[in-house]
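The values are calculated or read from the model by the stated rules, or taken from the named source; none is laboratory data. None of these values were measured; they are calculated from a predicted model. Cβ atoms come from the backbone with ideal geometry, glycine included; neighbour counts cover every protein chain shown.
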Amino acid sequence: MDALNAVTAADLIADPMLPRQFRIAQVTREVPGVFTWTLKSLDRRGFGFQPGQFNMVWLPGVGEIPLSISGDCREPYTLVHTIRAVGPVTNMMQQARPGTVVGVRGPFGRPWPIEAAVGCDVIFVTSTVGLAPLRPLIVEVLHRRDDFGKVVICYGSRGTEDILFEADLHEWRARFDTNVHVTVHAAHSGYRGRVGGVAAAINIARIDGAATQAFVCRSEALTRQAVATLGERGVTGDRVWVTLERSMKCGIGLCGHCQFGPSFMCKDGPIYRFDQIEALYSVREL
Amino acid sequence: MVQVVGLEATLAAHPFAHDLDAGVLELIVGCCSNAVYKPGAYIFREAEAAQKFYLIRHGLVSLEIHVPQTAPIVVETLEEGEIFGWSWLVPPYRWSNDARAAEQVRLIEIDAACLRGKMEADRALGYEIYKRFVPIMGKRLATTRLRLVELAMEPAPPPPKHR
């Protein structure tokens, strides 16, 4: 990838357990409970990553958590994380102001396999804050638009007031070469958009199921539903890529916190081809 | 010159009538009419008698629930190729929600009393209709349950007050 080539080898991970220092350059309030950090490294070196990878981000005195990267991988001098405040660390992160210095280890994990989709139709299926880990991939696919067939984005929001990256969705929808379908769970009377689950958006997507690669980022309870709906449209499990979440700590497959069957999610995931992990989905102990 | 297309062809083109036997199609057509609703118009309202059911030919239909002290909430939208309104099949034949045109909507309306009468007289027709309705009802129920899971995992914020 050209953007990665712009980053020297020295920019890549020297010691994966040693955090680099970044300053919060900007905090953007996206929707209630969700905010975006734009980070700049104190050492002014670039930060190469591929869509779908994550970082271990450390707020000094509070804790370190895995966060997927939501920025453009062609902009290695700007690191972007979009965060939902759901726990003690993320709630404290929500209170951090521009200028705060945080530690970043990464990037970790397998990226979305963008090359597998070259020449195919591409469908993205996600909802609420799940759009954040998919955003770098969507942006990269649109950078390389001629390499792909149809591009369809199916996004489900909880309501009309909390549509994440709404400006991006408008921009993508305005392109003549991209279809964007947004559904919401409930809306006020008079709303002209679609109301329903994300499955409703998949059902109306104009894709050639047999020649489509799907990228799904939903909570695990809902991933199987999305995969089933994609299956009804002819997209089989060997062409569906999903991302999973576990409690990641070291990020390099040593501590075992994120073990998922025979794999460690931090280094073998978090992106998996669905047919390769389908059997694990029904194992309740996992 | 304008070509006039009969209701039989229009009905046959709808997914609900896919592979329907010609004789059955003819029986149903006898109970059908075309309808157009402007954006915002009510197609039916909760608790009214369910005297029809509907096949969507074009446009987006909102299913709404009235909530006292606030604006109605849209809980689902349906579009071209789908059907709505199964209260005509189940006593006491009253609508359980409102249906409204979210944009200009073209429908095939099917007179419920007319079709129920034909189904009583011709059980094969009744079986054919049930064979088409029950899978749709089953799928909608399954979808609703999955949406309950979605909402439990990703709760919706309260909709805005009266607009």
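Only one entry in B:94, B:145, B:116 is within 14 Å of chain A (Cβ to nearest Cβ), at negative phi and charged (D, E, K, R), namely B:145.
When restricted to residues that are under 13 Å from residue B:99 (Cα atoms) and either within 7 Å of chain A (Cβ to nearest Cβ) or basic (Lys, Arg) (or both), the range B:63-75 contains 5. Given the condition of a type in the set (D, E, K, R), closer than 22 Å to residue B:128 by Cα and assigned to a loop (DSSP other than H, G, I, E, B), answer yes or no: does some residue in the range B:17-27 qualify? Yes, because at least one residue in the range B:17-27 is of a type in the set (D, E, K, R), closer than 22 Å to residue B:128 by Cα and assigned to a loop (DSSP other than H, G, I, E, B). Counting residues in the range B:20-36 that are within 14 Å of chain A (Cβ to nearest Cβ) and of a type outside the set (Asp, Glu) gives zero. Which residue is nearest to residue B:71 (Cα to Cα), if the candidates are limited to the range A:167-197 and must be of a type in the set (Lys, Arg) and not in a strand (DSSP E or B)? Applying the filter and picking the extreme gives A:192.
With respect to being buried (at least 21 other Cβ atoms within 10 Å of the Cβ), among the charged types (D, E, K, R) and not in a loop (DSSP other than H, G, I, E, B), residue B:76 fits the description.
So is residue B:51 closer than 23 Å to residue B:14 by Cα and either of a type outside the set (Ser, Thr, Tyr) or surrounded by 15 or more Cβ atoms within 10 Å (Cβ to Cβ) (or both) or not? Yes: the conditions hold for residue B:51. Among the residues making up the range A:66-84, those that are in a strand (DSSP E or B) and either of a type in the set (S, T, N, Q) or in contact with a Ser or Thr (Cβ under 7 Å, 6 or more places away or on another chain) (or both) are A:68, A:80, A:81, A:82, A:83, A:84. Across the range B:82-118, the number of residues qualifying as surrounded by fewer than 16 Cβ atoms within 10 Å (Cβ to Cβ), within 26 Å of residue B:40 (Cβ to Cβ) and among the small types (Gly, Ala, Ser) comes to 1. Can you tell me which residues in the range B:100-113 are within 14 Å of another protein chain (Cβ to nearest Cβ), touching a Lys or Arg at 6+ places or on another chain (Cβ under 8 Å) and not in a loop (DSSP other than H, G, I, E, B)? The answer is B:101, and nothing else.
Mind checking whether some residue in the range A:202-217 is more than 13 Å from chain B (Cβ to nearest Cβ), surrounded by 17 or more Cβ atoms within 10 Å (Cβ to Cβ), of a type in the set (D, E, K, R) and more than 30 Å from residue B:73 (Cβ to Cβ)? Checking the range A:202-217: not a single residue is more than 13 Å from chain B (Cβ to nearest Cβ), surrounded by 17 or more Cβ atoms within 10 Å (Cβ to Cβ), of a type in the set (D, E, K, R) and more than 30 Å from residue B:73 (Cβ to Cβ).
Here's the yes/no breakdown for (1) within 11 Å of chain B (Cβ to nearest Cβ); (2) surrounded by fewer than 17 Cβ atoms within 10 Å (Cβ to Cβ); (3) free of Cβ contacts under 8 Å to residues at least 24 places away in the same chain:
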| position | (1), (2), (3) |
| --- | --- |
| A:131 | no, no, no |
| A:147 | no, yes, no |
| A:150 | no, no, no |
| A:224 | yes, no, no |
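Out of all the residues in the range A:181-194, is one or more farther than 14 Å from residue A:124 by Cα, among the basic types (Lys, Arg), crowded, with 20+ Cβ neighbours inside 10 Å and within 12 Å of another protein chain (Cβ to nearest Cβ)? Checked against the condition, which is being farther than 14 Å from residue A:124 by Cα, among the basic types (Lys, Arg), crowded, with 20+ Cβ neighbours inside 10 Å and within 12 Å of another protein chain (Cβ to nearest Cβ), the range A:181-194 yields at least one hit. Among the residues making up the range B:41-60, those that are assigned to a strand (DSSP E or B) and either touching a helix residue (DSSP H, G or I) at 6+ places or on another chain (Cβ under 7 Å) or free of Cβ contacts under 8 Å to residues at least 60 places away in the same chain (or both) are B:42, B:44, B:49, B:52, B:53, B:54, B:55, B:56, B:57, B:58. State whether the residues of the range B:18-40 include one that is free of Cβ contacts under 8 Å to residues at least 12 places away in the same chain and of a type in the set (D, E, K, R). There is at least one residue in the range B:18-40 that is free of Cβ contacts under 8 Å to residues at least 12 places away in the same chain and of a type in the set (D, E, K, R).
Among the residues examined, residue A:48 qualifies as crowded, with 19+ Cβ neighbours inside 10 Å, in contact with a helix residue (DSSP H, G or I) (Cβ under 7 Å, 6 or more places away or on another chain) and of a type outside the set (Val, Ile, Thr). Within the range A:91-124, the set of residues being of a type in the set (Lys, Arg) and closer than 26 Å to residue A:26 by Cα comprises A:97, A:105.
Can you say whether residue A:200 is within 22 Å of the chain's Cα centre (by Cα), modelled with pLDDT under 90 and either part of a strand (DSSP E or B) or over 23 Å from residue A:68 (Cα atoms) (or both), as far as the supplied structure shows? When the stated conditions are applied, residue A:200 passes them. Checked across the range A:67-90, the condition of being in contact with a Gly (Cβ under 8 Å, 6 or more places away or on another chain), surrounded by 14 or more Cβ atoms within 10 Å (Cβ to Cβ), of a type in the set (S, T, N, Q) and farther than 22 Å from residue A:271 by Cα holds for at least one residue.
Residues that are within 14 Å of chain B (Cβ to nearest Cβ) and of a type outside the set (Asp, Glu) within the range A:28-47 comprise A:31, A:32, A:33, A:34, listed in sequence order.
Of all the residues in the range B:84-113, those that are among the charged types (D, E, K, R) and free of Cβ contacts under 8 Å to residues at least 60 places away in the same chain number 2. Only one of the numbered conditions (1) closer than 21 Å to residue B:147 by Cβ; (2) touching a residue at least 60 places away in the same chain (Cβ under 8 Å) is not met by residue A:207, and that is (1).
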